[in-house]
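Student: Right, I'll just put the structure down here and ask away after.
Please treat every number below as a calculation from the coordinates, not as lab data. Note that this is a predicted model, so its numbers are computed, not measured. With ideal geometry, Cβ positions are generated from the backbone for all residues, glycine too; neighbour counts draw on all protein chains shown.
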């Protein structure tokens, strides 16, 4: 049981590392929490965040209008290169560039969700199965 517990903790740590890698180049740093629960011989791992910005990036947004609220004009750069890509667990350099534009409102085109959570869950489900199998095999080898 200790070997299985160790594989659960290793998988949880790798999952958190994957999530952190998706925000590595961000100025905004969401906090990711790990919760491991045990019921009898079954373990459950929950790693995630309640950060709204991360949720928008992960799920994507629909086209929407942005209007100035606290000042008469919005100010933003003319260009932008995304720091993340759909289906890729990681983050790269990017951000705003170009001349500053002022407008009272803009029609944001929205963007597709990056699907980080789904990809990481698929990836680490396989890790958990492999780690558990290896832990059991190791115990069986030492027991002989």
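Student: Can you pull out the residues in the range 24-43 that are surrounded by 11 or more Cβ atoms within 10 Å (Cβ to Cβ) and closer than 17 Å to residue 6 by Cβ?
Tutor: Result: 34, 36, 38, 43.
Student: Of all residues in the range 77-86, which are touching a residue at least 24 places away in the same chain (Cβ under 8 Å), touching a strand residue (DSSP E or B) at 6+ places or on another chain (Cβ under 6 Å) and closer than 18 Å to residue 53 by Cα? Working first, answer last.
Tutor: First, the residues of the range 77-86 that are touching a residue at least 24 places away in the same chain (Cβ under 8 Å): 77, 82-86.
Then drop every residue that is not touching a strand residue (DSSP E or B) at 6+ places or on another chain (Cβ under 6 Å), which leaves 77, 86.
86, the sole residue that qualifies.
Student: Please work out which residue is nearest to the chain's Cα centre (by Cα), limiting yourself to the range 1-23 and to residues that are surrounded by 13 or more Cβ atoms within 10 Å (Cβ to Cβ) and assigned to a loop (DSSP other than H, G, I, E, B).
Tutor: Ranking the qualifying residues of the range 1-23, first place goes to 22.
Student: Given the options 35, 100, name the one that is part of a strand (DSSP E or B) and over 21 Å from the mean Cα position of the chain (by Cα).
Tutor: On the way: 35 fails: over 21 Å from the mean Cα position of the chain (by Cα).
Matching residue, one of 35, 100: 100.
Student: May I pose another question? Evaluate the range 63-70: report whether one residue or more is touching a strand residue (DSSP E or B) at 6+ places or on another chain (Cβ under 9 Å) and closer than 20 Å to residue 124 by Cα. Before you say what the answer is, go through the steps one by one.
Tutor: The first filter runs over the range 63-70 and keeps only residues touching a strand residue (DSSP E or B) at 6+ places or on another chain (Cβ under 9 Å), leaving 63-68.
Narrowing further to those that are closer than 20 Å to residue 124 by Cα: none.
No: zero hits.
Student: Determine, yes or no, whether residue 113 is closer than 30 Å to residue 15 by Cβ, surrounded by 14 or more Cβ atoms within 10 Å (Cβ to Cβ) and free of Cβ contacts under 8 Å to residues at least 12 places away in the same chain. Talk me through it step by step, then tell me what you get.
Tutor: Values: closer than 30 Å to residue 15 by Cβ: yes; surrounded by 14 or more Cβ atoms within 10 Å (Cβ to Cβ): yes; free of Cβ contacts under 8 Å to residues at least 12 places away in the same chain: no.
Criteria not met by residue 113.
Student: From the list 36, 89, which residue is in contact with a helix residue (DSSP H, G or I) (Cβ under 7 Å, 6 or more places away or on another chain) and in contact (Cβ under 8 Å) with a residue 60 or more places away in the chain? Steps first, please.
Tutor: Numbers: 36 fails: in contact (Cβ under 8 Å) with a residue 60 or more places away in the chain.
Testing whether each residue is in contact with a helix residue (DSSP H, G or I) (Cβ under 7 Å, 6 or more places away or on another chain) and in contact (Cβ under 8 Å) with a residue 60 or more places away in the chain leaves just 89.
Student: Let me ask something else about it. Go through the range 39-64 residue by residue and tally those that are part of a strand (DSSP E or B), touching a helix residue (DSSP H, G or I) at 6+ places or on another chain (Cβ under 9 Å) and over 24 Å from residue 10 (Cα atoms).
Tutor: Result for the range 39-64: 0.
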